[in-house]
Amino acid sequence: MMISRRAVVATGLTLPFLAVPGRAQSKPGHLRFGLSAWPPNLQPWVTTGVSAGTVKTLIHRSLLSFNNKGELAGELAESWSLDAQGAWVFKLRPNTVFHNGEPVTADDVKWTIEQIADAKSTAFMRSQFQSIVRIEIPDPSTVRLVTREPQATLPTWFCNYNVHVVWRHSEANNPIGAGPFRLVAQERGTSLDIEAFDRYYKPGLPKLRSIKFIVYADENLRAAALQAGDVDMIEYVPWQAMSAVEADPRLKLDTQYGPFMDILFNGTRGPFSDARVRRAVAHAVKREDIVKVAFFGRGKPLEGVPIVEGTPWYDAELAKGWAYDTARSKELMAAAGVPNGFEAVMLATAQFGMHKDTAEIVQKYLADIGIQCELKLPEWSTRVTLGVRGQYDIAVHGIAADNNDPDGLTIVLDTTLPPSHGRSFGVQASRTAELLARGRSEFDQTKRVAIYKDMQRAAIEEVPMVGLAWRAQGYGMDKRVQGFTNLPGALSTSSGGMLEETSFG
């Protein structure tokens, strides 16, 4: 049974979702997965969101990944180490092949890194890989990376779902990977089909024979499809549907805290080029309202840089660095020369309720300090394009750090990096970027803790972004789905790779 948009609208979108007496037939070994968005593209090094990252991680593989405990694990590389000269050395796993049967070699790794770091590259991790000054190949299964400065966190770069090793003779529009699945069919805007690769390098994996990704851009339709049995698993369970999924005896919900909502700025023009105005925005929003309205209580206020409580880097005082204080906001606005406020265009998207709801709450609170925002709510792919081009004044976004180390926040906080839809555009935050660089080049843990606390202080002053709310990130699934892990903390949005360990039926 397929549920139509009209049927859902007719219910008034009240919870629990539609009670369905019968379910569509599923097949053991074949998983139907509800994606939240159509991947704008599947280029292995370009960022276009979590849905694209999930698919890319299954058809490609990198040198390393995070295992189901959130720890570094080997993929195409079976080992990695820092040598006496400070270079990172990766030993490739033997007998690995790309989907065309060609062996994975050090030359393929070298070529991949060169493409990512190329001056004309649009790769998400281009700046990081440009710090590699020399790639050496001592033998066909060894890669040695020499960097400009020490890089303590370099191995984690290869865990990003926008960094995959590709066969060096691939055509630009047909990158050939070495992942556990092959892309075999797609219906643009609707679905993608992947099938197990029979020469994958991990014995017994993948456990599934195929996955059909079906796009449900409407989050209520996505949740309804899970309850109807039209899909076996979905990402981005809408927060208003989580209780219904938990209450359904046929389903289960797996959530993690780690992703968060934030505010981004265009620093190339207008009042938001002034850090005092950005700080005024940071103090203007009452986060509890976002948690209540956008996440139905399944979130936590975020009033500082997104550092997870309980980690060595966390500081309770710094965590309140942008606490709600309307009077302070107005003082900062006056000091910046805009005591009466101004008009601005706020970019978000209506495709995800959390983005739209959060943006509307931010809009309301900014009006209280004189900033009148016109909301712009396009569908997701347009939101991505506008963000990359800096076609906004202020934006509301949802993201997670790259990993659970503070260096994982580089993708959000370092505004010296190339434009990205998930990072402020043209904002000057040089001290924050400098301290992030110092932290990733330091190997001593005690010194790293001190550096990253200084980084938080700098970010609170420079405001390259504004934290709003931590959110529970949920996957919903049929109870017959086994082996899937929603990765801990910031890694939750990278959990798609765990589908290689997932079985069904």
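Atom-type composition of the exposed protein surface of the chain places 50 percent of the accessible area on carbon and sulfur (1.4 angstrom probe).
Over the chain, accessible surface divided per residue gives 39 Å², non-protein components excluded, 1.4 Å probe. Taking a ≥ b ≥ c as the square roots of the eigenvalues of the Cα gyration tensor, region 129-170 is classed as oblate, since a/c reaches at least 1.5 and a/b does not exceed b/c.
In plain terms, the C-alpha convex hull of region 244-356 casts an average shadow of 9.5 nm² when viewed from every direction. Take 318-324, 351-357 and order them by the average number of nearby Cβ atoms within 10 Å per residue, most first; the result is 351-357, 318-324.
Quick check on region 144-263: what are the equivalent-ellipsoid semi-axes from the Cα gyration tensor, as sqrt(5λ), descending, whole Å?
Here the semi-axes work out to 32, 22, 15 Å.
For the pair GLU434 and GLU331 in one chain, pulling the backbone fully straight at 0.36 nm per residue adds 34.2 nm over the alpha carbon distance.
Net length available on complete extension from GLN186 to SER81 is 33.8 nm, with 0.36 nm assigned per residue and the Cα-Cα distance removed.
Rounded to the nearest 20, the size of the Cβ-charge dipole of the chain about its Cα centre is 640 debye, with Lys and Arg at +1 and Asp and Glu at -1.
Counting only residues at least eight positions apart within a chain, or on another chain, the lysines with an alpha carbon under 17 Å from that of LYS292 are LYS300, LYS356, LYS364. Modelling each spin label as a point 7 Å along the Cα-to-Cβ direction, I'd like the ILE137/VAL345 distance in nm, to one decimal. That separation, rounded to one decimal, is 4.7 nm. Sorted largest first, the spans of the alpha carbon positions of region 350-505 along the three principal axes are 54, 46, 27 Å. Start at zero, step by 10 Å, and the Cα-Cα distances of region 289-432 spread as 10, 33, 43, 13, 0 percent across the bins.
Where [x] 0.96; [y] 1.19; [z] 1.00 are the candidate values, the label of the one calculated here for Rg/Rh (Cα atoms, Kirkwood Rh) is [x].
Sort region 331-385 into rounded, prolate or oblate with this rule: let a ≥ b ≥ c be the square roots of the eigenvalues of the Cα gyration tensor; rounded if a/c is under 1.5, and if a/c is not under 1.5, prolate when a/b is larger than b/c, oblate otherwise.
Verdict is prolate for region 331-385.
Once the C-beta distance of GLU374 and LYS27 is scaled by a Förster radius of 56 Å, the resulting FRET efficiency is 0.70 to the nearest 0.05.
The values are calculated or read from the model by the stated rules, or taken from the named source; none is laboratory data. All figures in this text were calculated on a predicted structure; none of them were measured in a lab. Quick reminder, even Gly has a Cβ in these numbers, built from the backbone with ideal geometry, and neighbours come from all protein chains shown. Just the protein is used for accessible areas: all its heavy atoms, side chains included, with ligands, DNA and RNA removed. Shrake-Rupley method; radii C 1.70, N 1.55, O 1.52, S 1.80 Å.
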